[in-house]
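> Sharing a structure with you now.
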Amino acid sequence: MKRNAPAKVNIFLKVTGTRGAYHEIRSRFVLVESLFDTISFVKKSTPSSAFELICDTPLPERNSVTQSYSHLVREAPSIEKFFKEHAVKLQKRIPIGGGLGGGSSDAAAFLNLCNEICELKLDRKKIALIGEKVGADVPFFVYGYKSANVEGIGEIIHPFDEEPPKLRLVTAPVHCDTAAVYKEFRQNFSQTIDKEAAKEWTGLSSSRIMHTITPKEANDLYRPALKLYPELEEYSAPKRFFSGSGSTHFCLDEET
C-alpha cells in the first residue's frame, strides 16, 4: 500500500493577474519522476481514532497530508475506520521549499491512494477538486500528467503531449517561503503583470522553450525570490532555469 509522489519543475511561470489573495499564472509543469517522496499506509501497533502521520523529516502539524485527510473525510467518512488501524508513512526526498511541489505531490498521492485502497470510487475530477482546497498545484499531481500547461490559480490544466526532457536539478540549501515570495512580487514587481504573457510558449515543447528563452525571462518569481534570498545568486548560471518560488535551479541534462 504505497505510492510515489514525484517532483515537478516549472519550465516557465508568468504571473498573469490576481484573484483576491491568490495569483493567477500561466505555466508549464513537468514531472521529474526520478525524484520522489513515497506515501504508504502501515498498520498501527494499537488502533487509535487519531490520524497518525509518520515522517522522516520534521513537518508542521498542519501539513498537506493532514489537510488532505481533513477534506477527504468530509467527503468520505468511511475512511475514519481505515485510519483507526492504519498510519500514514511519508518518506521525504523532495527538498522542502525547493519549488518542486513536494507538499502538493504528497497530498495528491495520499488522495489517490486513499481512493484506491479504500475503494471510494471517486473520479479524478472529484479528487482534484478536493486537492484544490489543499493547494493550487495539487490537481496537476492528481491527474498524473507528465507535462501540462497550467493557468488560473492552478485549477486550469491542459495536458501537453511530449516526452519531458531529461533535466539536471541543483537545489540551494535555502528554504524559500512561497507566500513570502508571492507577497514580495505583489508589493514590488506587480507592474510586470501581463495577462497575455507566455501564450506563445504554451504550444512549444519544453526543450524548445528552454532553448528559446533565457532563465530570467522564464520565471516572474525569480527576481522577488532573489531579493528575499540573495544567496540564490550563487547557484544561477546562464542556462539554469528557476523552478516555481523555490530554491531549485534546473537545466537540460546536456547543458553544464
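> Ile156 versus (1) among the hydrophobic types (A, V, I, L, M, F, W, C); (2) touching a Phe, Trp or Tyr at 6+ places or on another chain (Cβ under 7 Å); (3) farther than 18 Å from Ser70 by Cβ: which is the lone unmet condition?
(2)
> Condition (residue is in a strand (DSSP E or B), hydrophobic (A, V, I, L, M, F, W, C) and surrounded by 14 or more Cβ atoms within 10 Å (Cβ to Cβ)) applied to the stretch 112-135: is it met by at least one residue?
no
> Quickly run through the stretch 243-254 and pick out the residues that are surrounded by fewer than 22 Cβ atoms within 10 Å (Cβ to Cβ) and either closer than 23 Å to Asn149 by Cβ or modelled with pLDDT of 95 or more (or both).
Cys251, Leu252, Asp253
Here is a yes/no grid of residues against (1) closer than 21 Å to Asp137 by Cα; (2) hydroxyl-bearing (Ser, Thr, Tyr); (3) in contact with a Leu (Cβ under 8 Å, 6 or more places away or on another chain):
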{"site": "Lys195", "(1), (2), (3)": "yes, no, no"}
{"site": "Ile213", "(1), (2), (3)": "no, no, no"}
{"site": "Leu232", "(1), (2), (3)": "no, no, yes"}
{"site": "Thr248", "(1), (2), (3)": "yes, yes, yes"}
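> Let me ask another. Give me the pairs, please: first residue somewhere in the stretch 1-21 and more than 15 Å from Leu31 (Cα to Cα) and in contact (Cβ under 8 Å) with a residue 40 or more places away in the chain, second residue anywhere and among the basic types (Lys, Arg) and not in a strand (DSSP E or B), beta-carbon distance under 8 Å, and either six or more positions apart or on two chains.
Between residues of the stretch 1-21 that are more than 15 Å from Leu31 (Cα to Cα) and in contact (Cβ under 8 Å) with a residue 40 or more places away in the chain and residues that are among the basic types (Lys, Arg) and not in a strand (DSSP E or B), the close pairs are Thr16/Lys195; Gly17/Lys195; Thr18/Arg186.
> Give the residues of the stretch 170-197 that are buried (at least 17 other Cβ atoms within 10 Å of the Cβ), closer than 15 Å to Phe242 by Cβ and of a type outside the set (Phe, Trp, Tyr), sorted by residue number.
Correct list: Thr171, Ala172, Val174, Cys176, Thr178, Val181, Glu184.
> To continue, here is another question. So how many residues does the stretch 157-169 have that are in a strand (DSSP E or B), in contact with a helix residue (DSSP H, G or I) (Cβ under 9 Å, 6 or more places away or on another chain) and surrounded by fewer than 18 Cβ atoms within 10 Å (Cβ to Cβ)?
Qualifying residue count, the stretch 157-169: 2.
> Which of (1) in a loop (DSSP other than H, G, I, E, B); (2) within 24 Å of Ala197 (Cα to Cα) is the odd one out, the single condition Ile94 does not satisfy?
(2)
> Within the stretch 11-35, restricting attention to residues that are surrounded by fewer than 23 Cβ atoms within 10 Å (Cβ to Cβ) and polar (S, T, N, Q), which residue is nearest to His249 (Cα to Cα)?
Applying the filter and picking the extreme gives Ser34.
> What are the pairs with Cβ atoms under 7 angstrom where one residue, in the stretch 206-235, is over 17 Å from Gly98 (Cβ atoms) and the other, located anywhere, is surrounded by 15 or more Cβ atoms within 10 Å (Cβ to Cβ) and of a type in the set (S, T, N, Q)? Sequence gap at least six, or different chains.
Between residues of the stretch 206-235 that are over 17 Å from Gly98 (Cβ atoms) and residues that are surrounded by 15 or more Cβ atoms within 10 Å (Cβ to Cβ) and of a type in the set (S, T, N, Q), the close pairs are Ser206/Ser147.
> Within the stretch 184-200, count every residue that is in contact with an Asp or Glu (Cβ under 9 Å, 6 or more places away or on another chain), more than 22 Å from Ala148 (Cα to Cα) and modelled with pLDDT of 95 or more.
Of the residues in that region, 2 qualify.
> Quick test for you: out of Arg240, Arg223, Arg208, pick the one residue that is out of contact with any Asp or Glu (no Cβ under 6 Å at 6 or more places or on another chain), under 19 Å from His23 (Cβ atoms), surrounded by fewer than 23 Cβ atoms within 10 Å (Cβ to Cβ) and not hydroxyl-bearing (Ser, Thr, Tyr). Show your work before the answer.
Numbers: Arg240 fails: under 19 Å from His23 (Cβ atoms); Arg208 fails: under 19 Å from His23 (Cβ atoms).
Just one listed residue meets the conditions, Arg223.
> Consider the stretch 136-147. How many of its residues are of a type outside the set (Lys, Arg) and surrounded by fewer than 24 Cβ atoms within 10 Å (Cβ to Cβ)?
5
> From the residues in the stretch 79-108 that are over 17 Å from Leu169 (Cβ atoms) and of a type in the set (A, V, I, L, M, F, W, C), which one is surrounded by the fewest Cβ atoms within 10 Å (Cβ to Cβ)?
Checked the stretch 79-108; the qualifying residue surrounded by the fewest Cβ atoms within 10 Å (Cβ to Cβ) is Phe82.
> Among the candidates Leu31, Leu100, which residue alone is assigned to a loop (DSSP other than H, G, I, E, B) and touching a residue at least 60 places away in the same chain (Cβ under 8 Å)?
It is Leu100.
> Pick from Ser68, Ser104, Ser27, Ser78: which is farther than 30 Å from Phe241 by Cβ and at pLDDT 95 or above? Reasoning before the result, please.
Working: Ser68 fails: farther than 30 Å from Phe241 by Cβ; Ser104 fails: farther than 30 Å from Phe241 by Cβ; Ser27 fails: farther than 30 Å from Phe241 by Cβ.
Unique residue meeting the criteria: Ser78.
The values are calculated or read from the model by the stated rules, or taken from the named source; none is laboratory data. This is a predicted model, so every value here is computed, not measured. Reconstructed Cβ throughout: ideal geometry from the backbone, glycine too, with neighbour counts over all protein chains shown.
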